[in-house]
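Everything below concerns the one structure shown next.
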(Lines give C-alpha, C1' and ligand atoms only; values in the text may rest on other atoms or scores of the structure.)
Protein backbone atom coordinates (compact mmCIF):
# COMPACT_ATOMS: atom_id res chain seq x y z
CA UNK A 1 0.00 0.00 0.00
CA UNK A 2 0.96 3.60 -0.34
CA UNK A 3 3.15 5.44 2.13
CA UNK A 4 0.92 8.47 1.67
CA UNK A 5 -2.38 7.05 2.94
CA UNK A 6 -3.52 9.21 5.79
CA UNK A 7 -6.91 9.44 7.44
CA UNK A 8 -7.12 13.01 6.08
CA UNK A 9 -6.55 11.90 2.46
CA UNK A 10 -8.98 9.02 2.88
CA UNK A 11 -11.61 11.35 4.35
CA UNK A 12 -11.17 13.74 1.43
CA UNK A 13 -11.56 10.90 -1.09
CA UNK A 14 -14.66 9.64 0.69
CA UNK A 15 -16.13 13.14 0.72
CA UNK A 16 -15.66 13.38 -3.04
CA UNK A 17 -17.10 9.91 -3.74
CA UNK A 18 -20.72 8.91 -3.97
CA UNK A 19 -21.91 6.02 -1.89
CA UNK A 20 -24.14 3.26 -3.23
CA UNK A 21 -27.73 3.21 -2.10
CA UNK A 22 -28.49 0.70 0.63
CA UNK A 23 -25.11 0.99 2.36
CA UNK A 24 -24.70 2.31 5.86
CA UNK A 25 -23.38 5.89 5.51
CA UNK A 26 -19.59 5.92 5.88
CA UNK A 27 -19.80 8.52 8.66
CA UNK A 28 -21.75 6.00 10.78
CA UNK A 29 -19.20 3.19 10.49
CA UNK A 30 -17.61 2.35 13.82
CA UNK A 31 -14.30 1.24 12.28
CA UNK A 32 -11.49 3.32 10.78
CA UNK A 33 -10.77 2.85 7.08
CA UNK A 34 -8.18 0.14 6.42
CA UNK A 35 -4.74 1.39 5.41
CA UNK A 36 -2.83 -1.83 4.76
CA UNK A 37 -3.18 -4.15 1.82
CA UNK A 38 -4.11 -7.12 4.02
CA UNK A 39 -6.81 -5.15 5.84
CA UNK A 40 -8.28 -3.78 2.59
CA UNK A 41 -8.45 -7.25 1.03
CA UNK A 42 -9.94 -8.71 4.22
CA UNK A 43 -12.75 -6.16 4.31
CA UNK A 44 -13.56 -6.69 0.62
CA UNK A 45 -13.46 -10.47 1.04
CA UNK A 46 -15.82 -10.35 4.04
CA UNK A 47 -18.35 -8.37 2.01
CA UNK A 48 -18.13 -10.77 -0.91
CA UNK A 49 -18.17 -13.93 1.26
CA UNK A 50 -20.21 -13.25 4.40
CA UNK A 51 -20.84 -16.97 4.85
CA UNK A 52 -17.10 -17.62 5.41
CA UNK A 53 -17.14 -15.82 8.76
CA UNK A 54 -17.67 -18.81 11.05
CA UNK A 55 -20.86 -19.77 9.29
CA UNK A 56 -22.66 -16.49 9.95
CA UNK A 57 -22.11 -12.84 9.08
CA UNK A 58 -20.33 -10.74 11.70
CA UNK A 59 -22.26 -7.59 10.71
CA UNK A 60 -25.32 -6.71 8.72
CA UNK A 61 -25.25 -6.42 4.92
CA UNK A 62 -25.42 -2.57 4.71
CA UNK A 63 -22.42 -2.29 7.07
CA UNK A 64 -20.39 -4.93 5.20
CA UNK A 65 -21.06 -3.24 1.86
CA UNK A 66 -20.21 0.23 3.24
CA UNK A 67 -16.92 -1.04 4.68
CA UNK A 68 -16.10 -2.76 1.38
CA UNK A 69 -16.86 0.29 -0.78
CA UNK A 70 -14.74 2.41 1.54
CA UNK A 71 -11.93 -0.18 1.32
CA UNK A 72 -12.09 -0.11 -2.48
CA UNK A 73 -11.63 3.67 -2.41
CA UNK A 74 -8.59 3.24 -0.15
CA UNK A 75 -7.23 0.57 -2.50
CA UNK A 76 -7.65 2.89 -5.48
CA UNK A 77 -5.85 5.69 -3.64
CA UNK A 78 -2.95 3.38 -2.88
CA UNK A 79 -2.78 2.07 -6.45
CA UNK A 80 -2.81 5.63 -7.83
CA UNK A 81 0.04 6.50 -5.48
CA UNK A 82 1.88 3.39 -6.69
CA UNK A 83 1.56 4.38 -10.34
CA UNK A 84 2.75 7.91 -9.59
CA UNK A 85 5.73 6.58 -7.63
CA UNK A 86 6.62 4.25 -10.50
CA UNK A 87 6.40 7.06 -13.04
CA UNK A 88 8.60 9.22 -10.83
CA UNK A 89 11.13 6.39 -10.57
CA UNK A 90 11.03 5.90 -14.34
CA UNK A 91 11.68 9.60 -14.87
CA UNK A 92 14.61 9.50 -12.44
CA UNK A 93 16.10 6.35 -14.00
CA UNK A 94 15.68 7.57 -17.58
CA UNK A 95 17.25 10.91 -16.77
CA UNK A 96 20.37 9.21 -15.36
CA UNK A 97 20.87 6.04 -17.41
CA UNK A 98 23.80 6.01 -19.85
CA UNK A 99 21.81 3.85 -22.31
CA UNK A 100 18.20 4.31 -23.34
CA UNK A 101 15.86 1.32 -23.31
CA UNK A 102 13.45 0.31 -26.03
CA UNK A 103 10.53 0.45 -23.60
CA UNK A 104 9.62 0.87 -19.95
CA UNK A 105 6.54 -0.79 -18.47
CA UNK A 106 4.87 -0.01 -15.17
CA UNK A 107 3.36 -3.05 -13.50
CA UNK A 108 1.05 -2.81 -10.54
CA UNK A 109 -1.46 -5.57 -9.96
CA UNK A 110 -4.07 -5.36 -7.20
CA UNK A 111 -2.39 -8.22 -5.35
CA UNK A 112 1.15 -6.94 -5.83
CA UNK A 113 3.38 -5.53 -3.11
CA UNK A 114 3.86 -2.27 -4.95
CA UNK A 115 4.83 -0.94 -8.35
CA UNK A 116 7.49 -2.53 -10.49
CA UNK A 117 9.28 -1.11 -13.54
CA UNK A 118 10.27 -3.44 -16.36
CA UNK A 119 12.95 -1.92 -18.59
CA UNK A 120 13.68 -3.64 -21.90
CA UNK A 121 16.88 -3.33 -23.94
CA UNK A 122 15.98 -5.22 -27.12
CA UNK A 123 18.72 -7.75 -27.98
CA UNK A 124 21.40 -5.57 -26.40
CA UNK A 125 23.20 -7.28 -23.51
CA UNK A 126 25.89 -4.61 -23.44
CA UNK A 127 23.19 -2.04 -22.65
CA UNK A 128 22.00 -4.12 -19.69
CA UNK A 129 25.60 -4.35 -18.45
CA UNK A 130 26.10 -0.57 -18.81
CA UNK A 131 22.79 0.10 -17.06
CA UNK A 132 23.68 -2.25 -14.19
CA UNK A 133 27.15 -0.76 -13.80
CA UNK A 134 25.66 2.72 -13.60
CA UNK A 135 23.06 1.78 -10.98
CA UNK A 136 25.29 -0.59 -9.01
CA UNK A 137 23.35 -3.79 -9.63
CA UNK A 138 24.53 -7.24 -10.68
CA UNK A 139 23.80 -8.85 -14.03
CA UNK A 140 22.71 -12.46 -14.28
CA UNK A 141 22.00 -14.69 -17.24
CA UNK A 142 19.15 -17.17 -17.17
CA UNK A 143 17.84 -19.59 -19.77
CA UNK A 144 14.56 -18.35 -21.25
CA UNK A 145 11.64 -20.60 -22.11
CA UNK A 146 12.12 -20.36 -25.88
CA UNK A 147 15.80 -21.32 -25.71
CA UNK A 148 17.16 -17.77 -25.64
CA UNK A 149 19.23 -16.32 -22.82
CA UNK A 150 17.73 -13.64 -20.59
CA UNK A 151 20.33 -11.11 -19.44
CA UNK A 152 18.86 -9.23 -16.46
CA UNK A 153 19.48 -7.01 -13.48
CA UNK A 154 17.25 -6.05 -10.57
CA UNK A 155 17.28 -3.11 -8.21
CA UNK A 156 15.32 -0.57 -6.24
CA UNK A 157 15.01 3.09 -7.19
CA UNK A 158 15.66 5.83 -4.64
CA UNK A 159 11.93 6.12 -3.90
CA UNK A 160 11.61 2.38 -3.19
CA UNK A 161 10.16 1.29 -6.53
CA UNK A 162 11.55 -2.05 -7.71
CA UNK A 163 12.92 -2.32 -11.24
CA UNK A 164 14.26 -4.94 -13.55
CA UNK A 165 16.18 -4.32 -16.75
CA UNK A 166 16.59 -7.13 -19.24
CA UNK A 167 17.20 -8.28 -22.76
CA UNK A 168 16.88 -11.57 -24.58
CA UNK A 169 19.74 -12.82 -26.71
CA UNK A 170 20.05 -15.79 -28.97
CA UNK A 171 21.29 -18.92 -27.30
CA UNK A 172 24.80 -19.91 -28.34
CA UNK A 173 24.94 -22.36 -31.19
CA UNK A 174 25.62 -25.91 -30.12
CA UNK A 175 28.76 -27.36 -31.69
CA UNK A 176 28.14 -30.64 -33.47
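The values are calculated or read from the model by the stated rules, or taken from the named source; none is laboratory data. Treat the numbers as computed from the prediction; the structure is a model and nothing was measured. For neighbour counting, all protein chains shown are included, and Cβ atoms are generated from backbone atoms with ideal geometry for every residue, glycine included.
Here are a few things to note about the model shown:
- Among the candidates 90, 38, 71, 27, residue that is buried (at least 19 other Cβ atoms within 10 Å of the Cβ), outside the structural domain of residue 135 (by TED's automatic domain parsing) and out of contact with any helix residue (DSSP H, G or I) (no Cβ under 7 Å at 6 or more places or on another chain): 90
- Of the criteria (1) surrounded by 14 or more Cβ atoms within 10 Å (Cβ to Cβ); (2) within 22 Å of residue 36 (Cβ to Cβ), which one residue 110 fails: (1)
- Selection status of residue 61, surrounded by 18 or more Cβ atoms within 10 Å (Cβ to Cβ) and touching a helix residue (DSSP H, G or I) at 6+ places or on another chain (Cβ under 8 Å): no
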